[in-house]
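The values are calculated or read from the model by the stated rules, or taken from the named source; none is laboratory data. Not measured: the values here are computed from a predicted model. Reconstructed Cβ throughout: ideal geometry from the backbone, glycine too, with neighbour counts over all protein chains shown. Areas reflect the complete protein model, heavy atoms only, side chains present, ligands, DNA and RNA absent. Shrake-Rupley method; radii C 1.70, N 1.55, O 1.52, S 1.80 Å.
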Amino acid sequence: LTKKCKDNILIDLKELFEDPLAILKYLENDLEAPVTARYPCIKGLKGLLKERGASGALMSGSGPTVFGIFSERIDAERVCADIRQRLGPPHRIFLVRGL
């Protein structure tokens, strides 16, 4: 979470268990703007994820990781394979499931 968040995510934990996509309202990273200014590929990758159907996308931490959130695993698998083929090495693309 960043300083711009108005609420603490722990307060809304019940909501997140009931609706996992509620996490989308917390997708904010204060470092993303300055990092993206220097590395525009971050913005490009986020755009690619969203264009392929991600409900949300964000740079993680201080980078260089970017992730997308999908409501359906089949969609995430398809996009993962597509981006893996499109970008190839040295990029490392992983399909993961949130806890």
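Computed values, structure above
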| item | result |
| --- | --- |
| Cβ-defined net charge surrounding I69, 15 Å radius [Lys, Arg +1; Asp, Glu -1] | +1 |
| Solvent accessible area, Å² - E72, 1.4 Å probe, full protein context | 100 Å² |
| Placed amide H near S55: partners under 5 Å, 5+ positions off or other chain | I69, F70, S71 |
| Charge tally in the Cβ shell below 15 Å around Q85, where Lys, Arg are +1 and Asp, Glu are -1, Q85 excluded | +3 |
| Set of aspartates and glutamates near K43 by C-alpha distance (under 19 Å), chain-local residues within fewer than 8 positions excluded | E28, D30, E32, E51, D82 |
| Percent carbon-and-sulfur accessible area, the range 37-99, ignoring ligands, DNA and RNA, probe 1.4 Å | 55 percent |
